[in-house]
Amino acid sequence: MLTRIKDLATKLAPRLIEIRRHIHSHPELSGQEYQTSAFVSGVLSSSGLHVQEGVGKTGVIGELQGTGKDERLLAIRTDMDALPIVERTALEFASRSQGIMHACGHDVHTTVGLGTAMVLSQMAEELPGRVRFLFQAAEEIAQGASWMVNDGAMDEVSNILSLHVFPSIPAGSIGVRYGALTAAADDLEIIIIGESGHGARPHEAIDAIWIASQVITTLQQAISRTQNPLRPVVLSIGKIEGGRAPNVIADKVQLLGTVRSLHPETRANLPNWIEKIVANVCNSYGAKYQVNYRQGVPSVQNDYFLTQLLQSSAEEAWGSDRVQVLPEPSLGAEDFSVYLEKAPGSMFRLGVGFRDRVLNYPLHHPLFEVDESAIITGVVTMAYTVYKYWHQNC
Ligand code: NI
């Protein structure tokens with residue numbers, strides 16, 4: 001079966017590269033994937049899948065009916081949105097939309113999803129159950145997965161698989177990880193309210209800028225002294241705003257940041273922990289405060305069984321030296337975790353680095369490029385894992 005899948009994928013390779021380049025040239029921002037989703041629907045329909053458009057706003061679902069009676073439904077999830085980045089590569093198929101770039105490889109994800117659907121549609125007699133392909137919008141703003149789930153994309157789904165490109169792994173190899181893959185990412189807003197006054201007479205005012213700097217320093221120090229060092233927490237203040245003039249003491253400062261963590265228990269305690277620190281600092285100096293903590297996406301926790309399935313499928317397909325078991329998670333975020341709240345699943349990292357380049361630019365970089373041979377690696381790995389899902393343990 002592996003040989004058949006590899007043959008089908010190899011035959012499709014020129015078409016898949018064409019698809020990827022088309023999507024790469026026509027990137028669309030989160031929530032505006034109109035052309036991309038129309039294109040995706042077209043390819044899915046012509047491969048004989050049952051297609052539903054407008055799921056999760058600009059998302060698309062394609063469903064492939066196997067020929068058996070297995071009740072289980074396996075979902076494959078990919079994302080379609082691009083980033084507000086000016087592409088600086090010299091590729092002939094570089095972005096034609098000014099200021100928008102597929103710099104996170106979602107063009108490759110979409111192509112791998114389509115390629116897997118094309119391969120599996122030609123061997124539907126080998127599939128005892130259903131495969132549902134989810135092409136979601138708006139991953140970059142961590143919204144698309146929730147939109148899909150709210151529109152019923154996970155109804156009846158037993159398990160879900162996904163992938164993300166990874167430039168530091170060479171094309172032809174993949175990475176899997178057991179347990180945590182990415183972090184929970186929450187939004188933090190802190191407002192500090194003091195009292196304005198003359199810059200020369202600080203004792204008559206309450207200096208919100210100085211208190212804000214105490215809050216930031218205390219939070220960073222407190223992480224190292226009060227959080228379990230084996231359960232990472234990263235708090236980054238990325239925006240700070242306050243004050244009116246050099247000689248006027250500011251009465252209000254707003255801090256905006258992101259809070260990353262891996263353990264659900266740690267995460268649950270963070271809002272209180274932050275509020276307590278802010279309160280202590282502000283109370284000491286007579287300032288008022290507000291802490292707004294908004295939970296974003298949870299951590300991606302890969303299921304053991306499905307990760308093992310991905311690993312063994314990839315090892316059979318490419319040899320064990322091409323499959324890395326990743327030792328560390330990332331504190332980046334991925335809204336794939338929203339699907340995992342509905343069904344167990346696993347996401348793998350698809351190597352897209354050029355073996356002969358010393359420097360492979362990172363994700364979200366204006367010079368980010370992928371070695372397109374990785375598309376076939378992705379399609380074969382995904383299609384064979386789907387096949388094995390039904391044929392290894394029934
Ligand atoms: Ni991405």
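The values are calculated or read from the model by the stated rules, or taken from the named source; none is laboratory data. Here the structure is a predicted model, which means the values were calculated and not measured. When we count neighbours, we look across all protein chains shown, and the Cβ atoms used for this are built from the backbone with ideal geometry, even at glycine. When the accessible area is computed, the model is the full protein with side chains, heavy atoms only, and any ligands, DNA or RNA have been set aside. Shrake-Rupley method; radii C 1.70, N 1.55, O 1.52, S 1.80 Å.
Assorted remarks:
- DSSP finds beta bridges in the chain, and of those with both partners inside it, around 65 percent are antiparallel.
- Phi angles across segment 249-262 convert, under the Karplus curve 6.51 cos²θ - 1.76 cosθ + 1.60 with θ = phi - 60°, into 3J(HN,Hα) values of 6, 6, 9, 8, 9, 10, 10, 10, x, 10, 10, 10, 8, 10 Hz, Gly and Pro given as x.
- Segment 184-297 - share of DSSP beta bridges that are antiparallel (%, nearest 5): 100 percent
- 24 Å Cα-Cα reach of LYS6 towards lysines, excluding residues that sit fewer than 8 places from it in its own chain: LYS388
- With all protein chains modelled, accessible area of TRP210 [1.4 Å, Å²]: 100 Å²
- Excluding ligands, DNA and RNA, the accessible surface per residue across segment 184-297 is 56 Å² with a 1.4 Å probe.
- Carbon/sulfur fraction of accessible area - segment 254-394, other protein chains in place, 1.4 Å, %: 48 percent
- Taking 27 Å as the straight-line reach from the Cα of LYS57, the lysines in range (excluding those fewer than 8 positions away in the same chain) are LYS342.
- Separation of the PHE354 and GLU53 label points, Cα + 7 Å toward Cβ, nm: 3.7 nm
- One way to sum up the overall shape of the chain is the equivalent ellipsoid from its Cα gyration tensor, whose semi-axes run 45, 22, 19 Å, largest first.
- In loop segments of segment 47-84 as defined by DSSP, the trypsin sites (Lys or Arg not before Pro) with at most 14 further C-beta atoms inside 10 Å of their C-beta are LYS69.
- Partner lysines for LYS288 [C-alpha distance under 18 Å; skip if fewer than 8 residues away on the same chain]: LYS252, LYS276
- Simple point charges give the picture: +1 on the Cβ of Lys and Arg, -1 on the Cβ of Asp and Glu, and for the chain a dipole about the Cα centre of about 480 debye.
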